[in-house]
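Report on one structure; see the data block that follows.
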Amino acid sequence: MTSTSPDPTVTVPLPLREQADVRDRWLTQRLLDVLPPLMDRTGIDLWVVLGREYNEDPVLATLLPATWLSARRRTVLLFHRSDDGVTAAAVSRYPVGQFLPAWAADDEPGLTPAESQWAAVRRFVDQAAPRTIGVDVSDTFAHADGLSATEHRLLMAALGPHADRVVSAEALAVGWLETRLPEEIAAMHAMNRLVHQVIDEAWSPAVLAVGETTALDVAWWIRQRFADLGVDGWFQPTVDLQRAGSPLTDEQGTVLPGVPYDAVIEPGDLVHCDVGLSTLGLMTDTQRNGYVLRPGETAAPAGLVEALRVGNRMQDLTTAPLRPGRTGDEVLRAARTAAAAEGIDGDVYSHPVGVHGHGAGPAIGMWDQQDGVPGAGAAEVHEDTVWALELCVRVPVAEWGGQLVRMALEQGIALTASGVEYLDARQTELVLIPGA
């Protein structure tokens, strides 16, 4: 696949009916274009994804029609790879969108509906005669560990002599969740653009009254604004402050509370937010920084401007080794080694983002695991994936008496055959917030 540049015809938010049309169209294309090569790459001939209503496999939601907000009773989806492509069948009491119906409740007179359903699964497997059967069990990724203990037990019993062909579908499930169509990447450009616009609005005088509005007020305004626009937040937005005289750590390096979340925003504050938007079955994860101008100021202090520049440099050092075939830990190690060579004090904790905010795929550090992430850090990077490029740097600011400032940045990026591209645009200048 190849990347797509931002498409001005892809807009968000969309009305729910239009969202459903888009999502169902994407699903059709993904089943045709994404799934077959993933099954080949992972060596799985038959993928079984199932769940019961209100206890769905996380993968199942990405395979259901957009109008299905949950599984119906027990929903079993079967994907068989053959020379002709992938046959997608549903063993379900109700028709499942475009999936081939593979069961009717009266197929097996004398059996209970549950017995008849499992018998239909067995017939499909008998006919497919797969060499490997992938199921969603994983020690590493919760996203790929959605097969419950009960469903696993019943499935293995239904498979009979085929049960010894069952393998973990972890790599396939992760690949399915992390791989994005060009059209999805275009939509995520638009989603990131909307997030940036909402943040700019939140920090405007129409919302933020310096000396009156608290950081918590702004956080709740952002969440309400998303709801009013018809999109969701996948986590509670946070807005936090740093200011001169309120250091992040004491002389021994112990982390201090700093400025409380419910503090009133004052001139001279460095304002930071962390915001996640959800729509079209996709998510974003974004952090931005702004500065509240003091009376007479027309620009932020040079030390804060430098801190952002160092943060941008840390982004460059992280995206440089982000290449297909490398593991998350290898990217982390390369970024931190390069940063140390330049005297940059920072941490990297970037992650895939897409269907889930903290998405399936390689972890490039965690805030408390800077030497590598067991399990997820060993996963390989692939093309056509979207990431939250998340990191921070710590820089002393002369204008604040040498006080250390933590400049935290998070920006959506896409990794395609063309390399890394920023979704909408990364922050290279502090947002200037008019003072009182």
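In the set (1) touching a Leu at 6+ places or on another chain (Cβ under 7 Å); (2) buried (at least 19 other Cβ atoms within 10 Å of the Cβ), residue 361 fails one condition alone, (1). Cβ-Cβ contacts under 6 Å between residues 6 or more apart (or on different chains), taken from a first residue in region 417-436 that is assigned by TED's automatic domain parsing to the domain that holds residue 382 and farther than 23 Å from residue 266 by Cα to a second residue that is among the small types (Gly, Ala, Ser) and crowded, with 19+ Cβ neighbours inside 10 Å, are listed as 421/414; 423/412.
Residue-by-condition table, conditions (1) at pLDDT 95 or above; (2) of a type in the set (Val, Ile, Thr); (3) touching a Gly at 6+ places or on another chain (Cβ under 8 Å); (4) at positive phi:
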| site | (1), (2), (3), (4) |
| --- | --- |
| 355 | yes, yes, yes, no |
| 363 | yes, no, yes, no |
| 373 | yes, yes, yes, no |
| 377 | yes, no, yes, no |
| 380 | yes, no, yes, no |
| 386 | yes, yes, yes, no |
| 413 | yes, yes, no, no |
| 429 | yes, no, no, no |
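Just name the residue that is surrounded by the fewest Cβ atoms within 10 Å (Cβ to Cβ) out of those in region 371-381 that are touching a Ser or Thr at 6+ places or on another chain (Cβ under 8 Å) and among the hydrophobic types (A, V, I, L, M, F, W, C). Walk me through how you get there before you give the answer.
Applying the first criterion (touching a Ser or Thr at 6+ places or on another chain (Cβ under 8 Å)) to region 371-381 yields 375-381.
Now narrow it down to the ones that are among the hydrophobic types (A, V, I, L, M, F, W, C): 376, 378-379, 381.
Details: 376: 22, 378: 15, 379: 22, 381: 22.
Applying the filter and picking the extreme gives 378.
Please specify each residue of region 114-136 satisfying the condition of being surrounded by fewer than 18 Cβ atoms within 10 Å (Cβ to Cβ), under 13 Å from residue 93 (Cα atoms) and in contact with a Lys or Arg (Cβ under 7 Å, 6 or more places away or on another chain). Within region 114-136, none qualify. Of the strands (runs of 3 or more DSSP E) lying entirely inside region 397-436, those containing at least 1 residues that are of a type in the set (Phe, Trp, Tyr) span 419-422. Residue-level analysis places residue 218 outside the set of residues that are β-branched (Val, Ile, Thr) and part of a strand (DSSP E or B).
Residue 189 falls short on exactly one of the conditions (1) buried (at least 21 other Cβ atoms within 10 Å of the Cβ); (2) assigned to a loop (DSSP other than H, G, I, E, B); (3) not polar (S, T, N, Q), and that condition is (2). The set of residues from region 49-87 being more than 20 Å from residue 167 (Cα to Cα) and part of a strand (DSSP E or B) comprises 52, 55, 74, 75, 85.
Filter region 396-430 down to the residues that are in contact with a strand residue (DSSP E or B) (Cβ under 8 Å, 6 or more places away or on another chain) and of a type in the set (Gly, Ala, Ser) and list them by number. Even if it seems obvious, please write down each step before you answer.
Kept after step one, since they are in contact with a strand residue (DSSP E or B) (Cβ under 8 Å, 6 or more places away or on another chain), are these residues of region 396-430: 396-397, 402-415, 420-424, 426-427, 430.
Within region 396-430, 402, 408, 412, 414 meet the criteria.
Set side by side, the residues 102, 89 differ, and just one is among the hydrophobic types (A, V, I, L, M, F, W, C), within 30 Å of the chain's Cα centre (by Cα), surrounded by 16 or more Cβ atoms within 10 Å (Cβ to Cβ) and in the same structural domain as residue 133 (by TED's automatic domain parsing), which is 89.
For region 1-21, the candidate set comprises residues that are surrounded by fewer than 18 Cβ atoms within 10 Å (Cβ to Cβ) and of a type in the set (Val, Ile, Thr); within that set, the residue that is modelled with the highest pLDDT is 11.
If you scan region 297-341, which residues turn out to be surrounded by 15 or more Cβ atoms within 10 Å (Cβ to Cβ) and among the small types (Gly, Ala, Ser)? Result: 300, 303, 307, 311, 328, 334, 335, 338, 339.
The helices (runs of 4 or more DSSP H) found entirely in region 113-182 that carry 2 or more residues being under 32 Å from the mean Cα position of the chain (by Cα) are 149-159, 170-178. Here residue 39 meets each of (1) in a helix (DSSP H, G or I); (2) in contact (Cβ under 8 Å) with a residue 40 or more places away in the chain; (3) surrounded by fewer than 18 Cβ atoms within 10 Å (Cβ to Cβ) with one exception, condition (3). So which residues in region 321-359 are over 20 Å from the mean Cα position of the chain (by Cα) and not in a loop (DSSP other than H, G, I, E, B), if there are any at all? Within region 321-359, 330, 333, 334, 335, 336, 337, 338, 339, 340, 341, 346 qualify. Close contacts from region 221-240, counting a first residue that is free of Cβ contacts under 8 Å to residues at least 24 places away in the same chain and a second that is among the hydrophobic types (A, V, I, L, M, F, W, C), with Cβ to Cβ under 6 Å and a gap of 6+ residues or different chains, come to 221/202; 221/207.
Considering the conditions (1) farther than 30 Å from residue 23 by Cα; (2) out of contact with any Ser or Thr (no Cβ under 6 Å at 6 or more places or on another chain); (3) modelled with pLDDT of 95 or more, residue 264 is excluded by exactly one of them, (2).
Taken across region 382-394, residues that are touching a Pro at 6+ places or on another chain (Cβ under 9 Å), surrounded by fewer than 24 Cβ atoms within 10 Å (Cβ to Cβ) and in a strand (DSSP E or B) do not occur at all.
The values are calculated or read from the model by the stated rules, or taken from the named source; none is laboratory data. Small disclaimer: the values here were computed from a predicted structure and weren't measured. So basically every Cβ, Gly included, is an ideal-geometry build from the backbone, and we count neighbours across all protein chains shown.
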